[in-house]
Amino acid sequence: MLEKTFSHKEVEEKFRTQWKQSSMGHAHPTSGKKPYVIMMPPPNVTGNLHMGHVIDQSIPDALIRYQRLKGHDCLWLPGTDHASIAVHVLLERQMREEGKTRFDYGREEFLKRAWQWKEQCHSNITNQISRLGIVPDWSRERFTMDESLNRAVIKVFVDLYKKGKIYRAKRLVNWNPLQQSGLSDLEVVSVSTKGSLWHIRYPLTDGTQNIVIATTRPETMLGDTAIAVHPEDARYKHLIGKTVRIPLVGRDIPIIADDYIDRETGSGAMKVTPAHDYNDFALGERHKLPMISIMDLTAHINENAPEKYRGMERFEARKVIVADLEEQGFLEKIEPWTSNIPYDEKTLKVVIEPMLSDQWWCDQPYLAQEAIKAVEDGRIEFVPKSAENTYFAWLKNIQPWCISRQLWWGHQIPAWYGEDGEIFVASTEQEAQALADKHYGKKSTITRDNDVLDTWFSSALWPFSTLGWPDKTVDFDHYYPTTTLSFGADIIFFWVARMIMMGLEFTGKAPFKHVLMHGMVRDEKGQKMSKVKGNVIDPLIIVDEFGADALRFGLIASAPQGRDINIGPPQIEKFRNFLTKIWNAARYMEMNGCTHDKNFNPNTASDPVNRWIINETRKTNLLVQEAAETFRLNDMATTLYQFIWGTFCDWYLELTKPLLAQSSDTTKAETQKTLAWVFSHTLIMLTPLAPFITEELWANFKFSDKLLFEEQWPEFGTPSANDTAVAEIQWLVDVISTIRSLRAELHINPGDKIPLMMKDISPAVKERLDRQRPLIEKLARLSSIDVLTGATPKSSVTALVSDATIILPLEGIVDLKAETERLEKELAKIKDEVQKIDAKLSNEQFVSRAPQEIIEEYKERRQNMLVSESKFDQAFKRLKGV
């Protein structure tokens, strides 16, 4: 017997163990079945999973479970990412608490700590994934720094280097002075920050006049190498070719002309500091200007600056320089200014410094060409299709990728240097040594590059490196290209585009057919989760309280394609209640002796109620399949929710009570078998989204000797379109639903029995009414039902149901005046609220300043108000017509 309540903790623990001990999740490349493959977006080995990880895991797991039921050989390959920067942030924070840096420990000790951290964190992550009911093929688990994956990384680097598509160059990079490492553009975020704009006088060398420039970074003037003006600017045209003297520095620099300069911004003259600004760097390259770096790797002023400022931290130097400019008469004015300040994306605590540095670069513009074509010609399809616009916008304007990081944890770059700086790139040190000896004509000394590759470089190879490439393995032959990629919108550039570029370049095939994008998980108000706001939701706390099924189902049901997901404990509780509804339905079946009969043929059912639910089950099955096949998993969840809660529980179970209590043995037995048949197939349809409760109920009713995940998806054929018995029960449901809606609109006490009249009914509908009268009276709480042939009585409301008019007499039941006044007030209140929201949304100042989540919240409130207004307006019009 089932327990009174569903104890999710016990059930989850039981089936996690059973699934682990079974072959569930294992792929079988020699099975002869068509493969269906998803690669897990590998979580970083940096701590606990968050809600974004949960949706990352839940959507692919649901797809895999569905496709397994459909008969595919499914590979759901798990793994974790070494996350160079994130691990460095964590370990270096620990070391700072010890009063040391990684340089105090050295590379060997740091890497030892990193591997220890990885083992500890990996165990934690895999346990959390299992807690969610995620069952990938653990036998094929990968880590981005596994030896086999490292070989793939080295091959890709060496091959691209030989093609000239990876190269070393001194360019401007985003420099993190705390970690002393470069970052790619994607690892930097701009934060709007209030600050100042300093207007500084630069005197011409001949002493005839000053040129005023405006800057938000006065400390960088120490590295200026030119003043730039527009060639057609009448104010400065006569000065082009002359020189100015940098205040405080005393170095003379030229005045140059460039079309890049905006004559309308500031004074129309711009200081050029090529070593500390990206736009200035490009301008400096065009005009062959010197590039003077005035900061060391820790962002302290170096020996290229006047002695007074050397050794100062950059922001400390700013204060001193501004004071000196003012004291010496070079500071014209200071005005408030808001700038976009670059920060490192991982912590948002370190201001990034553009720094001239020797780095390794990957020619992304070359790789992007085929990646663009693959989406344009349909080899890869984005879901939703609108995501393609974001993808194209980035790839068509893509820049070279700085792939080297001055870190220790990661894939060390396979490059060695001779004593004169000559570079030797090879797969092994022995190969590099041979190249060097040949180059120098003698035995030589080489030193390996200390840098590691950007984490995303190895992640870009994930779809094929995990299958054994560059070796020709059974798994690679059978499972590549993969089928579907599910990912969060925030990594479309970091990961998705790069996987496509690398997959096409090294395998000649697109790494996957479908790219399914989901939005960001936000709190129930639509706000981004953050520790500062205190609205971060710990998924494991939610699992403890509501269960993994409720969390998985709730997230997927709340995740329309490509849109952000608003979720919180109230929504998860709603879906926990849904699972409770299923559990109670199972207990109802158990109490009524509904057992599985494998020989039951649903086509032989004779009772209209049973034929109706069988037909509804077939319709639901088709809708669920269509939603799953088109990646509308939220529709899949919503369809099942509405069918189980509404059609099955609220209607069918209610309609079966007289059949099970008072009917003949034949009808009762048919109903018992029908209940079990519908419930068993409903569990199969539901299990991809809620695997724990479905496995428990499947086992309890002994629907088969196998675990549920081993079953096949039900195939029913086309639902009946002209079954008169089915049509009669649907008519019954429509009539009762309409009466209930009228009662709710008019505030009629749910417990009060009221009379009902029907008119304009055909003889066939009259026969239906006579057969179903007892059920209608009971379920709609009616005292009587009369067929009316004359005029509709006064003081009544009407509604149309197929082939009939429903009439509710209100005399003595509803205070018409009071109810009309109530509805009028409700309508006025709603309209007033809609007007206030419209005023907000039409206010350009509000819309431009308010966070996007607040705008969306207002829009959602407005939509909900309009729905309520429509309902109240309909009820009001009914009463006004009485």
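Calculate the spin-label point distance for LYS194 paired with THR630, positioning each point 7 Å from the Cα along the beta-carbon direction, and give it in nanometres.
For THR630 paired with LYS194, the spin-label model returns 5.0 nm.
Using 1/(1 + (r/R0)^6) with R0 = 56 angstrom and r between the beta carbons of ARG107 and THR580, what's the FRET efficiency to the nearest 0.05?
0.50
May I ask you to derive the relative contact order of the range 250-401, considering only C-alpha pairs under 8 Å and at least 6 residues apart, and to give it as an integer percent?
14
At what distance in angstrom do the alpha carbon centres of the range 172-230 and the range 376-443 lie from each other?
If you average the Cα positions of each part, the centres end up 31 Å apart.
For the range 661-705, build the convex hull from the C-alpha positions and give me its volume per residue in Å³.
81
Provide the FRET efficiency to the nearest 0.05 for the SER741-ILE837 pair, computing r from the beta carbons and using R0 = 30 Å.
0.65
Quick one: accessible surface of ASP61, probe radius 1.4 Å, all protein chains present, in square angstrom to the nearest 10.
Its heavy atoms expose roughly 0 Å² to the probe.
So how tilted is helix 51-69 from the main axis of the chain? Cα-based, degrees 0 to 90, rounded to 10.
On a 0 to 90 degree scale, this one is about 50.
Quick query: amide H of ASP564 versus all other amide H atoms, modeled in the peptide plane; which residues come in under 5 Å with a sequence gap of 5 or more or a different chain?
Sorted by chain and number, the residues that satisfy this are MET520.
Using only the Cα atoms of the range 391-431, what do you get for the radius of gyration and for Dmax, in Å?
Computed over the Cα atoms of the range 391-431, radius of gyration and Dmax are 15.3, 44 Å.
Magnitude of the Cβ-charge dipole of the range 636-706, K/R +1 and D/E -1, about the Cα centre, nearest 20 debye?
100
So if I take the centroid of the Cα atoms in the range 6-34 and the same for the range 452-511, what is the distance between those two points in Å?
26
To the nearest µm²/s, what D does Stokes-Einstein give for the range 533-579 at 20 °C and 1.002 mPa s, using the Kirkwood radius over alpha carbon pairs as Rh?
197
Under 16 Å from a label point 7 Å along Cα→Cβ of LYS373: give me every residue in the range 509-529 with its amide N that close.
Counting backbone N atoms under 16 Å from the label point, the list is 509-511.
Would you mind giving the average projected area, over all directions, of the Cα convex hull of the range 673-736 in nm² with one decimal?
5.9
Once the Cα gyration tensor of the chain is diagonalised, what are the square roots of 5 times its eigenvalues, in whole Å and ordered largest first, as equivalent ellipsoid semi-axes?
With the √(5λ) rule applied to the chain, the semi-axes are 65, 38, 22 Å.
To test your reading of the geometry: what angle, between 0 and 90 degrees and rounded to tens, separates the Cα axis of helix 665-686 from the longest principal axis of the chain?
The helix 665-686 is inclined about 10 degrees to the chain.
So if each residue of separation counts as 0.36 nm, and I subtract the Cα-Cα distance between LYS14 and ALA282, what length gain in nm does that give?
90.2 nm
Taking Cα atoms, how many degrees apart are the long axis of helix 691-700 and the longest axis of the chain, rounded to 10 and kept between 0 and 90?
So the helix axis and the longest Cα principal axis differ by about 30 degrees.
Accessible area of THR805, 1.4 Å probe, to the nearest 10 Å²?
Counting only protein heavy atoms, THR805 exposes about 20 Å² to solvent.
Can you give me the relative contact order of the chain as a percent, contacts being Cα pairs under 8 Å and 6 or more apart?
Computed over the chain, the figure is 12 percent.
Principal axis extents for the range 1-92, Cα atoms only, whole Å, descending order, please.
Between the extreme Cα coordinates on each principal axis of the range 1-92 lie 53, 44, 22 Å.
Over the range 519-577, what is the relative contact order in whole percent, taking alpha-carbon pairs under 8 Å and six or more residues apart?
45
For every other residue with a beta carbon closer than 12 angstrom to the beta carbon of VAL726, add +1 if it is Lys or Arg and -1 if Asp or Glu, then tell me the sum.
After counting each charged neighbour, the total is -1.
Determine the sum of side-chain charges near VAL244: Lys and Arg each +1, Asp and Glu each -1, restricted to other residues whose C-beta is under 15 angstrom from that of VAL244.
+2
I want to check the label-to-label distance for LYS333 and LYS778. Put each point 7 Å from Cα in the C-beta direction and report it in nm to one decimal.
A separation of 8.6 nm, rounded to one decimal place.
The values are calculated or read from the model by the stated rules, or taken from the named source; none is laboratory data. Fair warning: this is a prediction, and the values are worked out from it, not measured in the lab. Glycine gets a Cβ as well: all are built from the backbone with ideal geometry, and neighbour counts include every protein chain shown. Please note that ligands, DNA and RNA were not included when accessible areas were found on the heavy atoms of the full protein model with its side chains. Shrake-Rupley method; radii C 1.70, N 1.55, O 1.52, S 1.80 Å.
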